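Where a number appears in this text, it was derived from the coordinates with a stated rule and is not lab data. Keep in mind it's a predicted model, so treat the numbers as computed, not measured. A quick note on method: Cβ atoms are made from the backbone with ideal geometry, for glycine too, and the neighbour counts reach across all protein chains shown.
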Amino acid sequence: MTLLLAVLTVLNIGVIIAEYLFGFYNDNIISMFYSDEKVNFPYAFKIFTLLCSAVILLGIAMLKKTNQDRFALHWKILSWVFFYLAIDEATYLHQRTSHFLRERLTLGGAFTLSWVVLYAPLVVLFIIFFFKFFFHLPSRTRFYFFLAGLCYGGGAYGLEFVKSYALTKMDQESLNYSMICIISDTGEMLGLVLFVSVLLYYFSTIAGKVTLSVLSGRTVEATAPGAFIPQPVESEKHLV
């Protein structure tokens, strides 16, 4: 997945450099690899990694529920969030929201892409709801969660303000604007690849032993076939 991201990034930058610096223009090639276009390889990659994240999160949520973990619901809701983000990406929902708001609100400058205004309260609620959940994670997992969130959130949300402002100052077809879009989309994809990687690692640490409830009220430990089994520890915080 990391190699595929590297290839897509090189091609993404390559088609833009070829067009603006060397005068090579092929609409079909640009449409396939330029990330600000839709229904192409970067677009499909983002949807795929969002869905991978959602499925892995759901698997973790199921294991956590089996063990009656107090944060099982948080994992499940986080899975729903990523399913929604995949749907949003596939249907251009936030772009459609921008068009809708721009027709009804007088917004410009850094708020030209006005969907960021509507999503701002949701981002705040997300941070509040998952605050304790985030700090219960093992230190290594927590660090990579933060790093992945910084890359994805910075690319998908933070740089939208920069893109919005750039739209008011430069041509949307200019090299400078295209490079801003590439940086934004690459940040998104890098964050998603990192998130999938850390989720798979975390899943491996908790899937080794699953506590199963039985009718008698006792519990037994079932080992997942071929799973990585961490050393016995006192709490989940010491898994990493």
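Tabulated values for the structure
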{"item": "In sequence order, calculated HN-Hα J values of the stretch 180-193 (Karplus, 6.51, -1.76, 1.60; Hz; x Gly/Pro)", "result": "4, 5, 5, 4, 4, 5, 5, x, 4, 5, 5, x, 5, 4"}
{"item": "The stretch 8-78: Lys pairs at Cα distance under 25 angstrom, eight or more positions apart or on different chains", "result": "4"}
{"item": "Dipole magnitude (debye, nearest 20) for the stretch 1-145, charges at Cβ of Lys, Arg, Asp, Glu", "result": "840"}
